[in-house]
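Below is one structure, written out as structure tokens; the observations come after it.
Any read-out appearing in this document is the output of simple, stated calculations on the displayed coordinates, not a laboratory observation. Everything numeric here is computed off the predicted structure, so don't read it as measured data. Quick reminder, even Gly has a Cβ in these numbers, built from the backbone with ideal geometry, and neighbours come from all protein chains shown.
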């Protein structure tokens, strides 16, 4: 295979990946990420943008109780086609800000990969093993595309929306058993539909849910079209009028095929511990470390200076006085205030306390400063550094090199299960009994002969 | 209204436009463009990418003969939801390269506006008058967004795919009676899904049909979501992380609101006479003028030098030895050869003759040269200039300032009807009797109380 055709090399990898190629630890981690995603998907229940998108998906399919679809719409216990189910489930998975993230690409793989893969696997009756391999192909492709597009891309584009179309296409294409040529066509169709702009952040608009829905559904469509013979550009990623040409100024083509088959990008993916934008987590953990070590109360603290990377300033900087729960998850001050008061910034903490007087007061004493060391380590490593100024005049410094949830500081299977149970309890998206059953199925997915519905009977 | 909020000004216009605001000549022209579009939509029947996309749309909806959808899939006489019908019909409308084009924006409005508007109008039972006003809103918005994004955008992006999401959202939003705030939310959702890269041209891939389908369907989705309360960015077009920031380097915000309500961009839209890329038309007409004036046969001609704008070189330049009918429509040499032999480069002429020995021989004697006058007039005016070198050594010059189909050299209603009949006959997408009936309905659409299905009974 000529290394000069990088899109083709990546497509070939996604097409030909087998379970034997993948170390057991990576497959185990894929299961961890699957259960973690499932909790996030259920957490979307009741969220306004998610309910609107789900309603749209149901309205635009002609499926009904006596005319079932082949894929499950999780939060409604209904069914539709894989295209529309992926649209709904992907919108649901990203709203709680609890889904996984890959640091180096600043890309959220689960929310775009699993909805498309699950809907397709349910439709064609794929085995659990095929489903896992397909999801791994989706992670490996999407993360590399995100890394390829680089930091200039992320300044304007929501990488999960853009690289996400390729990730979903790779996963679905693998399930549909596309050969390398077909997979490359699927990539062409997916990449030419890549979209997602950060502009919505300024207005706390609902586009984040639209981006994941769009990426997952159009990626799925691209793979289905390729299976039927629809063609796409051969160099959609690196070509002269391709994705990087249009949407990046620092794209690095070598990233597309970085150690394919030996480096497992999926295993580098982080779980989210706090229910906020990942850019807040390093500082939150550093603050918590200082407070626990010195047994501090919030009232001991005069102000907190966080030392951050540029991306944190870009994304969090505009959020000064958050007016919605969702927006407050992008407020460094709010996140640190919740951590200071409750030792954890979870869904419950945001929902009940983000506008509390003492939380707002603490929030207003938090600043962000660009730190050269933190910035140069980013995005490979997300270092957390804080200077905590006490009311007695002393200054304490905190530092974490791997925030909770990163591969070197990961969650156990018990913690992952607990997190998913907590998310479902918060949204009311499924009962504890339903969750226990579904999560048990997912921990044993490798043995499944045919992927079934998880919450509703088919 | 503050003129500093340009997206809002445009959204307000699209929301509040009424039939009384619009000159009769513009409404008449909207009907002309509607009938012209209908022919192009039927012409898609049988084309591989169109059939695949239509099959996908049908497969992803649960609609069947005993469970009807609310919107018509034209080429299959089936029905589905408006979302999926728009997807199918928009894919169909662009493949014959016979749909309309607006010169200044290099944007094809009909193929993205009418499929979304028709599907919505059929679903909600809109009146013919509302349908026409909505379509006009779509044209006015889409064309201005295309002009705003500028020439730098068109170098990498297929403007019909990108601006097309906004055009479709405006038309559907008008039909759904969105207020200005809701319309602005629809624009936010549409703009953040804008996509479409030229990379596919290099490989003669099928993405052009995907771009129109994607734009029309996601634009429609954006309007439906906004109606249900889904929010979008307030400055998706001109904002710091908006569409122009991500995808243009010469965007001109003043274009977004250029003489809104007094300038009717729809009336500047050109019909396509030849069935080829519009960049070939000016030279084709200039050659035809010379040949008719001097009563020349193809065999009299040694070579033809076409004097063109840069965009023609960018888009047509790579096509040297076209191997498919679709690709040959982007070959200046093939188009001029067909015009020289048949006085017209229509679907039939391409299909039957693009590989004929004498056509290929003529093709190879056609060159393109950048011409400063032609280039500086572009894209407002598409001037055609040719130097025809005869075998007797003499050189004849031809020039047209408005190629056939431009507003100053437009098609009559008889010519428009004939063109649509010819397109349907070519594809076999509808019988002459069906076409006569449907076209008659369309010429009288202003009187319709409720838009019905055009080809199939509901």
Original post:
When only Cα pairs under 8 Å and 6 or more residues apart are kept, what is the percent relative contact order across region A:327-436?
Top reply: 16 percent
Subject >> FRET efficiency, residue B:452 to residue A:249 (Cβ-Cβ, R0 45 Å, nearest 0.05) >> reply: 0.35
**OP:** Report the relative contact order of chain B, percent, no decimals, based on alpha-carbon pairs under 8 angstrom and at least 6 residues apart.
**Re:** 21 percent
**OP:** Count, for each residue of B:209-215, the Cβ atoms from other chains sitting within 10 Å of its Cβ, then give me the mean as a whole number.
**Re:** 4
Subject >> Using a 7 Å Cα-to-Cβ projection, residue A:407 label spacings across copies, nm, ascending >> reply: 6.0
Original post:
Regarding region A:184-258, what are the three Cα extents along the principal axes, ordered largest first, in Å?
Top reply: 40, 31, 22
Subject >> Cubic angstrom per residue, convex hull over Cα atoms of region B:100-148 >> reply: 60 Å³
**OP:** Return the whole-Å distance between the Cα centroid of region A:386-417 and the Cα centroid of region A:175-233.
**Re:** 36 Å
**OP:** With a 10 Å radius around each residue's Cβ, average the other Cβ atoms per peptide and rank A:57-63, B:85-91, A:196-202, B:16-22, highest first.
**Re:** B:85-91, A:196-202, A:57-63, B:16-22
**OP:** State log₁₀ I(q)/I(0) for region A:1-143 at q = 0.10 Å⁻¹ as given by the Debye formula over alpha-carbon point scatterers of equal weight, solvent excluded.
**Re:** -0.37
**OP:** Could you work out the mean count of beta carbons from other protein chains within 10 Å of each residue's beta carbon in A:84-94?
**Re:** 1
Original post:
Whole-Å semi-axes of the protein assembly as shown's equivalent ellipsoid, largest first, each the root of 5 times a Cα gyration tensor eigenvalue?
Top reply: 49, 28, 27
Subject >> Distance in nm between pseudo-label sites at residue A:437 and residue B:68 (7 Å out along the Cβ direction from Cα) >> reply: 4.0 nm
Subject >> Euclidean distance between Cα centres, region B:253-269 to region A:26-101, Å >> reply: 41 Å
**OP:** For a quick protection proxy, order the peptides A:433-446, A:68-81 by their average other-Cβ count within 10 Å, most packed first.
**Re:** A:68-81, A:433-446
Subject >> Most to least packed among A:214-220, A:93-99, B:96-102, B:426-432 [average Cβ atoms within 10 Å] >> reply: A:214-220, A:93-99, B:96-102, B:426-432
Subject >> Kirkwood hydrodynamic radius of region B:396-451, from inverse mean 1/r over distinct Cα pairs, in Å >> reply: 13.5 Å
Original post:
Where the Cα atoms of region A:76-232 are projected onto their three principal axes, how long is each span, largest first, in whole Å?
Top reply: 41, 36, 25
**OP:** With runs of 4+ DSSP H residues as the only contributors, calculate the mean residue ellipticity of chain B at 222 nm using -39,500 (n - 2.57) per run, divided by the residue total and rounded to the nearest 500.
**Re:** -16000 deg cm²/dmol
Original post:
In whole angstrom, how far apart do the alpha carbon centroids of region B:104-154 and region B:273-324 sit?
Top reply: 30 Å
Subject >> Projected label distance in nm at residue B:25 and residue B:262, using a 7 Å step from Cα toward the beta-carbon >> reply: 1.6 nm
Subject >> P(r) tail fraction, region B:278-404 - alpha-carbon pairs more than 22 Å apart, % >> reply: 27 percent
**OP:** For region B:210-332, just run the numbers: alpha carbon Rg, then divide by 2.2 N^0.38 Å, N being how many residues it has.
**Re:** 1.53
Original post:
Using a basic spin-label model with each label point 7 Å from the Cα along Cα→Cβ, how many nm lie between residue B:77 and residue A:380?
Top reply: 6.4 nm
Original post:
What gaps in nm, shortest first, separate residue B:443 from its twins in the other copies when you place the label 7 Å past Cα toward the beta carbon?
Top reply: 7.3
Subject >> Inter-copy spacing of residue B:20 label points, which lie 7 Å from Cα along Cα→Cβ, given in nm from shortest upward >> reply: 7.7
Original post:
Averaged across the residues of A:220-229, what count of C-beta atoms belonging to other chains lies within 10 Å of each residue's C-beta?
Top reply: 4
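For a distance above 28 Å, tell me the whole-number percent of Cα pairs in chain B that qualify.
Values: 49027 of 104653 pairs.
Across chain B, Cα pairs with separations above 28 Å total 47 percent.
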**OP:** Please work out, to two decimal places, the log10 of the ratio I(q)/I(0) at q = 0.09, 0.19, 0.22 Å⁻¹ from a Debye calculation in which every Cα of region A:342-458 carries one identical scatterer.
**Re:** -0.45, -1.17, -1.29
Original post:
Evaluated at 25 °C with a viscosity of 0.890 mPa s, what Stokes-Einstein diffusion coefficient in µm²/s does region B:274-334 have when Rh comes from the Kirkwood expression over alpha-carbon pairs?
Top reply: 197 µm²/s
